[in-house]
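Encoded as structure tokens, the structure appears first; notes follow it.
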Amino acid sequence: MYSREEASRLRQEFFTALGEYMSPILSADNEKVNWLNYKTGEKHLFFRMSTSNRDASIGILLTHPDPEIQAFYFDTFLSLKSVFEGEIAKDWLWQLHTIDENGKIVSRIYTKIEGVSVLRREDWPALISFFKPRLIALDSFWTLVKYQFEALR
């Protein structure tokens, strides 16, 4: 069992290592990008990675406070599902209007890996191997479709 401080330190060390590993990789637009704090350019639309002591996930998070607008954005993603699956994969979960850990209504498109822990350094290669291709694929997908979302503003 890890103390809260030790768990926080290990998470920070993992994400620092992941950031350093991803740093030399350019975006689909051939630009330098902060992979850990990816800027979609859209308010309330994020690429999120999370880790726990049992699993890890990565995905697109829609957080608009108006559920109807959030649903509209989600529907736009659904209309682009074939492009998404062509760039990323077909095994992602699509959830409209779920409750997050803070009790807010969010929508998300995500995938996860189980049986790994950010608290075990020996799992870090598996976590990096999970996150890296999906981050790159999300960027590639976003490069293709972001202009459609700009038109929604």
Failed item in (1) among the small types (Gly, Ala, Ser); (2) in a helix (DSSP H, G or I); (3) touching a residue at least 60 places away in the same chain (Cβ under 8 Å), with residue 117 passing the rest: (2)
Tally of residues being more than 16 Å from residue 137 (Cβ to Cβ), open to solvent by 70 Å² or more (accessible area, probe 1.4 Å) and assigned to a loop (DSSP other than H, G, I, E, B) across the stretch 12-29: 1
Qualifying residue in the stretch 106-125 (condition: open to solvent by less than 60 Å² (accessible area, probe 1.4 Å), more than 29 Å from residue 5 (Cα to Cα) and either modelled with pLDDT of 95 or more or touching a Lys or Arg at 6+ places or on another chain (Cβ under 9 Å) (or both)): yes
Search result, residues across the stretch 1-52 that are among the polar types (S, T, N, Q) and within 14 Å of the chain's Cα centre (by Cα): 34, 37, 40, 50, 51
Any pair with Cβ under 7 angstrom, 6 or more apart, that starts in the stretch 1-26 at a residue that is of a type outside the set (Phe, Trp, Tyr) and ends at one that is at pLDDT 95 or above and in a loop (DSSP other than H, G, I, E, B): 7/119; 10/118; 10/119; 11/118; 26/32
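The values are calculated or read from the model by the stated rules, or taken from the named source; none is laboratory data. Computed from a prediction, not measured in an experiment: that's the story for all the values here. Counting neighbours? That spans all protein chains shown, and the Cβs are built from the backbone with ideal geometry, glycine included. For the accessible areas, the whole protein counts, side chains as well, though only heavy atoms, and no ligand, DNA or RNA atoms are used. Shrake-Rupley method; radii C 1.70, N 1.55, O 1.52, S 1.80 Å.
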